[in-house]
1. Within segment 293-344, list the GluC sites (Glu not before Pro) lying in a DSSP loop whose Cβ has at most 14 other Cβ atoms in a 10 Å radius.
2. What does the extension gain come out to for PHE213 and ALA297, with contour length at 0.36 nm per residue minus their alpha carbon separation?
3. Which whole-angstrom value gives the distance between the alpha carbon centres of segment 202-256 and segment 311-362?
4. Tell me which trypsin sites (Lys or Arg not before Pro) from segment 109-181 have a DSSP coil assignment and no more than 15 other beta carbons within 10 Å of their own.
5. Would you kindly state how much longer the chain becomes between SER200 and LYS475 on full extension, computed as 0.36 nm times their sequence separation minus their alpha carbon distance, in nm to one decimal?
6. Using a 1.4 angstrom probe, figure out how much accessible area segment 132-253 has per residue, in square angstrom, rounded to the nearest whole.
7. Of the listed pairs LYS197/LYS377; LYS185/LYS377; LYS187/LYS475; LYS334/LYS421; LYS185/LYS214, which have alpha-carbon separations greater than 25 Å here?
8. Round to the nearest 0.05 the FRET efficiency obtained for ARG419 and LYS185 when R0 = 45 Å and r is the Cβ-Cβ distance.
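The values are calculated or read from the model by the stated rules, or taken from the named source; none is laboratory data. All of these numbers come straight from a predicted model, not from anything done at the bench. Every residue, glycine as well, gets a Cβ built from its backbone with ideal geometry; the counts of neighbours run over all protein chains shown. To get the accessible areas, we keep the full protein, side chains included, count just its heavy atoms, and leave off ligands, DNA and RNA. Shrake-Rupley method; radii C 1.70, N 1.55, O 1.52, S 1.80 Å.
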Amino acid sequence: ENTTQHNATQHVSLKSSLYIMLRQRIPKQTDTDHPSNNSSSHMSHAKHSNQGKVILQMVVSVSILCLLSFHMIEWIQGNLSRTQTDANVKLTTNVGNVRSGLVTNHKAKNNQNLVKFPSPYPGHDEGGTYNILLQPQYGSHRPGENAVFAFAEGYDLRIYVLFVESLLATGYSGDIVLSVSHEDKLKKGVGEYLKKKAASNNVVVYTVDWECFKKNGEAVGDARGGMADCRVDHLFGYSTSEGGKPASDPRIPRPVATARYDLYWAWSLQYNWNSQIFLVDVRDAFFQLDPFTNIPASTDEGSGTLRFFGENRESVSISKSRYNLAWISNAYGKSVLEEISDKQVICSGTTMGDQVAIESYLRAMINQFDTTKCKLKGCDQGFHNYLYHKDVLNGAYGINSLILYDQGEGNVNTLGAMREKPLTEWGVFDKEKGLVLNSDGTSSPVVHQFDRDGDLNQFVNEKRDAFVRHWNAKKV
């Protein structure tokens with residue numbers, strides 16, 4: 001609206017200037033020019049003079065109309081161009097193995113009208129009453145480095161070894177931040193392995209003591225494979241000026257798959273605004289290249305890029321997945337479900353971005369639970385898809401662009417929906433080379449949901465066993 005008013009004002013000024021120019025070039029008709037005040041010998045001359053002035057007026061008027069039309073066309077084209085730029089557009093890029101993506105651009109810098117989602121602190125406090133109380137059990141954050149975040153509670157040693165060793169084998173040198181069970185609940189060998197890795201390989205380990213409940217409110221000893229609802233009362237604390245005591249979890253008990261976003265948000269505060277952060281599932285992911293391969297850090301101070309990764313469009317949409325249907329309808333109702341049921345499924349198990357964009361996204365995810373109170377296991381994926389398909393992140397503080405990569409196009413290759421035929425027939429898994437490939441034939445930096453395909457799962461299990469043997473041999 002402001003742009004329209006500004007352009008309209010410019011055209012009014014142009015018209016006024018041209019009118020003044022015209023009046024200056026055509027003299028006003030004075031009393032001596034009027035026929036009633038001159039002799040008959042001058043009447044013929046005056047008549048021809050007036051006709052000349054009329055012709056000149058017509059020529060100049062036509063010129064004015066042509067000039068105004070030209071500027072009006074320029075103005076319309078400019079506004080159409082701005083509208084098209086602000087829309088979602090399918091484009092081809094040439095950044096390493098990232099070939100295409102659905103890109104939405106937002107101009108964030110110096111914009112006072114950006115949406116800032118509520119603080120996850122108790123009472124959504126932003127004034128310093130609270131701080132992050134939970135600290136790592138092993139290792140420490142390095143603010144200037146990139147970081148991989150993963151919620152990794154309840155697994156046996158083999159899961160951790162594949163995740164960490166495959167990542168380190170790529171040459172990745174950033175932080176690996178993990179949330180695991182409380183020390184006395186860790187499975188055999190896990191504590192020893194993680195402690196060793198924290199000392200030598202920049203692994204940062206949080207041991208979280210969740211308080212969990214069945215759906216009927218009965219207390220249980222653990223998260224029950226994610227089916228119980230849990231809370232953590234030692235994540236936030238009062239600031240030193242407020243006594244420094246632990247603060248109660250400001251949220252009602254919810255599945256740990258939802259509660260993990262509170263942890264991720266707290267961790268994100270430990271990094272610089274342009275550090276690259278990757279949120280990823282642990283159990284069914286492994287690495288072939290550094291996850292941030294060919295991903296540039298933001299140069300637009302105070303805002304950055306957020307990257308989402310979609311599932312295969314041919315295999316699944318929201319309407320074809322009973323799980324995604326349930327998550328979205330339970331969280332947002334049938335009307336929202338009808339609006340987005342034909343849309344692509346976007347996996348919430350992998351999200352990447354500059355710290356400033358990730359921090360804003362995490363606020364938005366936590367706010368979705370605060371708003372919907374959806375307590376189904378997996379509702380976080382409903383939140384994730386709602387944020388994208390309902391354009392909630394458009395104009396969000398800290399996010400100047402949001403990229404959705406199709407399956408096989410970005411740094412994460414999400415394979416779970418592709419079950420109609422083996423991945424070898426899709427051209428995704430090259431058994432001879434032992435590589436998972438993107439659509440352009442290059443190696444996928446991150447492979448997600450590998451265990452849905454028999455051949456690939458066998459290959460990864462063999463790789464995992466080799467990593468475990470190597471670790472056991474090093475211990476001896």
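1. Sites meeting the loop and neighbour criteria: GLU301, GLU314.
2. 26.1 nm
3. So the two Cα centres are separated by 26 Å.
4. Listed in order of number, the matching sites are LYS109, LYS116.
5. 97.6 nm is the gain from fully extending SER200 to LYS475.
6. 45 Å²
7. Check vs 25 Å cut-off fails for LYS197/LYS377; LYS334/LYS421.
8. Between ARG419 and LYS185 the formula returns 0.85.
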